[in-house]
Structures are given as C-alpha cells and as structure tokens.
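Worksheet: one structure, shown below.
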Amino acid sequence: MPPHPDSAPSTPGKFKMDKSPFIHHRLRWHLNPIAKLIFWSFIFLGLIYMFFFRSSPSNPSSISSSFSSQSDPSRRSLRTFSWGGPAWEKRVRNSARVRASNGISVLVTGSAGFVGTHVSAALKRRGDGVLGLDNFNDYYDPSLKRSRQALLERSGVFIVEGDINDQALLKKLFEVVAFTHVMHLAAQAGVRYAMQNPGSYVHSNIAGFVNLLEVCKSANPQPAIVWASSSSVYGLNTKVPFSEKDRTDQPASLYAATKKAGEEIAHTYNHIYGLSLTGLRFFTVYGPWGRPDMAYFFFTRDILKGKSIPIFEAPNHGTVARDFTYIDDIVKGCLGALDTAEKSTGSGGKKTGPAQLRVFNLGNTSPVPVSDLVSILEKLLKVKAKRMVMKLPRNGDVQYTHANISLAQRELGYKPTTDLQSGLKKFVSFQKCKLQSTVDLLVNEGERGFSRVCKYPSFKFKDDLLHGIENPWNSTGFDKRSIEL
C-alpha cells in the first residue's frame, strides 16, 4: 500500500487546510489522481500475486491449495498429493534406473497424458530410466489417464502423482535421481477450452514451465530439456507450409500465446543459465490412447451412435484442413530430440558457456481436409456419418496447418511413415478392441487374460461393465463447441 496521504510531506503549491484527518484525506485523495493510480496498481498486483504466486506450504511432503476445484477451476490441479519416505524413494530410483549401456535417465512430466504415455513406454522399452510425473487433472475423464498409468506400471514406469508447480516435490525428485534429461509434456491442452478457463493455461503452461526451469537450472548436473510447444504458435500466419523461421507473433488463441511465451521463456533460461532446451511444435497428434476431446475421437464415437457430427468450413465455403500426425511418428521425433540434445552448460545456477537452443516442427507434412477425415472414418466403421456443416467458430481455431519438417529430418532423422488412413485404421481397431475385450474377458478369462485379447488392452473392465459396453465413448464431457481439430 502507498503511504497514507497525511504522513506524506506536503507538496508546494498544493491546497492545504487544517481540518480533521478524515476531511484532509478525502480532499487529498480527490485532488491527486496519481494516488488513485498507485492505489489500484498495488491492488491489481496484489491480486496477481495471490492468484499465481502463493507460497508453497511448509509441509514438504504435500502440496495443497485453498482454491478448491469447485471454487477455482484454474487451480484445480493443486489438490493434495502425498509423497516422500523410504518406500517412495525406492520406487522412484527403481523406475529411473538406466538398464541400457548407453541409456539416459528421463523425468517425463505429463506422463499419464496421450503423448507422455507413448514416449515413456518407448523410452522404457529401449532400456532408459524413466520416471513419470502427472497431476491427473480432470480436463478430460481422469479414468483414461489411470488406465494409461496402469499400462506404464506394467512396464516398470512409476508415475509420481504431483504438480509441476510444486517446487519442493521437483527438488526432491532431483535429489533422489540425477536426471540427464527432462521430457516436459505436462501442459493445459486445448485451443477452445481457453475461453472457458484461461487461468489454467497461465498456471500450467507458463507458471508451471518456469517452476520446472527454476529447479532444472539449480540442479547439478543440469539436465537437457525437451519440451512440447505447439503448431498453434503459427497462429494467423498464412504462409504454408509452416517453417520454424516463420513469424509466430500473431497467436489466434490464449493456448497458442502461452506456448509462444514458453518459447521465449526457454530462450531466456538458455541465455542466462545455460540450459539446453529443445522445443517441439506438434501438429495434430492422433492415435490409440488419444485425447477424447479431439475431433477424430469425437467423430468416431458419434458416427457409431448415429449422431450428427459438425463439419467446419472457413468463410466463403473454405476448406478446413489439418496436418494429422500419428502418435508413433511423434514418439520417434521426441526420442530423436532427446538423443541429439547436448548437455546443459550451467552449474549451480550459473552459466559456464553457450548452450544448445532448438525448435522443430513435428508433423506429417500432408494436410487433410476434415471432410476427408470423416470419409475415411465412414469406410473404416462401415457407417454413414450424419454431417452437419457449420462455420468455423471464432474461438481460436485456424483454417489450415501444414508442417515443413525439413529441419527435423536433417537434425533429428525425423521421417513420418504413417498416413491418415493407416493411422485411423489402427485407432479404430484399438477402440473396437477395447470394447470387445470387456465382453470377452468377462465371459471367458477375466481380467488376467487381457493381453491375449488385443494389443492395446483396456484397464477399465469393471467400470465398463457397470456403465455398459459403450463406456469407452461416454465419459468425454465435451460438446461440439469444444471439439479440438
């Protein structure tokens, strides 16, 4: 708060009168608009501080917030998480233990997410040490994340349940394990949801990223960091295909703005602290275990249910198209970025030399109109879709995405091999298998036999039985206005 006007020295030329302190205060306040500006500025800064930078609790074994998920959705991820103790540390060490002779130890944030699950499994398969971190928030049905968690635990990956804004937890993880790399995939996803809950994007994509970098800069040794940016940073750019050299200063959504801010923040920590940072701009990732708010998932469900699906078109009946990229190709790009990441050059928070700073497009470089996506699904599902043509809403989506991947090809050896038809065939087979496995297992073998039923098993057998065999499609919680293209 600024000093009380009565305690401040008088200003030459100002009107003064010996009245009561209350009247004196009222007149000085009325006659000094600068005081009003200062006062409201402090109030505004105070609110920002309270909302985004509340200090962590004194108890290092948990993090909690007085902002509950009901009262403040933007901070709903800050539930109470318990961690610590000898048994917990043993699980952390075992999961992060490197088994390959030339392996790396990786902390994967957002490991129960779509991309995080696939990357974690791929790293573990080749003998790297992998530790997951996820807060299991409810942006979409957390039971899907729990199913992914169960899948990873079967392969030996332990997911620590916690938030990237919990600095005490992150510091503890780096005390227990000297990670060589961080694969940072935790973020608030979704272009359109930002209009409903903008605070969650600032909290996760900016504050959370900064918190992670703060811990990484002080680690000894500092890890190399690969993190998920987004193709959304190209925003209103009309030059196609999108190249890493193109302008990214015209975001079309708050989500895009936070990802662009992340790239600038990465530059800052690279420049000041010597952190090795690689940003990956993903282009419309799809495939098994995918996010239920994405159009391909939503369309598949509604086509099977006989519901109408929205086909968005741009002004003047323009085509809306996306550079759909299959998850296996994205995983190869992520592993390529980790394998070519150079060591950070800082020590104890101090830079000792120039450090690597990169950004790459990871796409399929073959844009497909959304109407063609629906046609492919019709053939695979053998069901005619009920199409409902709608104008592309002005809520952050862009008309067209197309990746120039020449830099990733040259530097990472990135080469996507799955076209949309092949990728959707795998996705549809996965969803049918989840559905059929529920029935077959309950009738024939029970839960123990799932590995013999399909390649991508569902771990929600009891839930599926309780809610009906259409359960895999029912719990998305999204309407047509929030479908992600």
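Expressed in nm to one decimal, what extension gain is obtained for the pair ASP249 and HIS317 from 0.36 nm per residue of sequence separation less their Cα-Cα distance?
Working: separation 68, 0.36 × 68 = 24.48 nm, distance 2.71 nm.
Separation in residues times 0.36 nm, less the Cα-Cα distance, equals 21.8 nm.
Mind ranking VAL240, VAL210 by accessible surface for me, highest first, 1.4 Å probe?
Numbers: VAL240 70, VAL210 45 Å².
If we order VAL240, VAL210 from most to least accessible, we get VAL240, VAL210.
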Report summary line: Pseudo-spin-label distance ASP328 to MET195, built 7 Å along Cα→Cβ, given in nm, is 3.7
Report task. Could you state the accessible area per residue of region 100-199 in Å², with a 1.4 Å probe and every protein chain left in place? Result -> 30
Query raised in the report: So how much slack lies between ILE272 and ARG91, counting 0.36 nm per residue of separation and subtracting their Cα-Cα distance, in nm?
Result: 61.7 nm
Query raised in the report: When you count, for each residue, the other Cβ atoms within 10 Å and take the mean per peptide, how do 360-370, 383-393, 410-420 rank with the highest first?
Result: 360-370, 410-420, 383-393
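Do the alpha carbons of any pairs in LYS259/LYS432; LYS90/LYS350; LYS386/LYS432; LYS171/LYS351; LYS124/LYS432; LYS124/LYS260 sit beyond 23 Å of each other, and which pairs?
Working: LYS259/LYS432 34 Å; LYS90/LYS350 31 Å; LYS386/LYS432 21 Å; LYS171/LYS351 20 Å; LYS124/LYS432 27 Å; LYS124/LYS260 30 Å.
Beyond 23 Å between Cα atoms: LYS259/LYS432; LYS90/LYS350; LYS124/LYS432; LYS124/LYS260.
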Requested in this report: Place the peptides 314-322, 213-221 in order of packing, highest mean first, counting for every residue the other Cβ atoms within 10 Å and averaging per peptide.
Outcome: 213-221, 314-322
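Pull out a ≥ b ≥ c, the square roots of the eigenvalues of the alpha-carbon gyration tensor of region 134-184, then state rounded if a/c is under 1.5, prolate if not and a/b is larger than b/c, and oblate in the remaining case. Intermediate results must be reported in sequence, preceding the final value.
Numbers: a/c = 2.58, a/b = 1.43, b/c = 1.80.
It comes out oblate by the Cα gyration axes.
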Query raised in the report: For the residue pair SER101 and ASP138, what label-to-label distance in nm results when each label sits 7 Å from Cα along the Cα-to-beta-carbon direction?
Result: 5.1
Query raised in the report: Carbon and sulfur atoms: what percent of the 1.4 Å accessible area of region 162-221 do they account for?
Result: 54
Query raised in the report: When the distances between all Cα atoms of region 192-312 are binned every 10 Å from zero, what whole-number percent does each bin get?
Result: 11, 33, 33, 16, 5, 1
Requested in this report: Can you tell me the FRET efficiency between SER422 and VAL240 if r is taken as the Cβ-Cβ distance and R0 is 25 Å, rounded to the nearest 0.05?
Outcome: 0.60
Query - Total charge dipole magnitude, region 222-316, about the Cα centre, Cβ charges on Lys, Arg, Asp, Glu only, Debye to nearest 20 - result: 240
Query raised in the report: Taking a 1.4 Å probe, which of VAL98, VAL191 shows the most accessible area, and what order do the others take after it?
Result: VAL98, VAL191
Requested in this report: Keeping the other protein chains in place, figure out the carbon and sulfur percent of the accessible area of region 234-349, with a 1.4 Å probe.
Outcome: 52
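Which length gain, in nm to one decimal place, applies between LYS343 and GLU378 when the Cα-Cα distance is subtracted from 0.36 nm times their residue separation?
Values: separation 35, 0.36 × 35 = 12.60 nm, distance 4.79 nm.
Length gained, LYS343 through GLU378: 7.8 nm.
The values are calculated or read from the model by the stated rules, or taken from the named source; none is laboratory data. What you see is a predicted model; the values in this text were computed from it and never measured. Note that each Cβ is placed from the backbone with ideal geometry, even for glycine, and that neighbours are counted across all protein chains shown. Side chains are part of the model used for accessible areas, which takes the heavy atoms of the whole protein and leaves out ligands, DNA and RNA. Shrake-Rupley method; radii C 1.70, N 1.55, O 1.52, S 1.80 Å.
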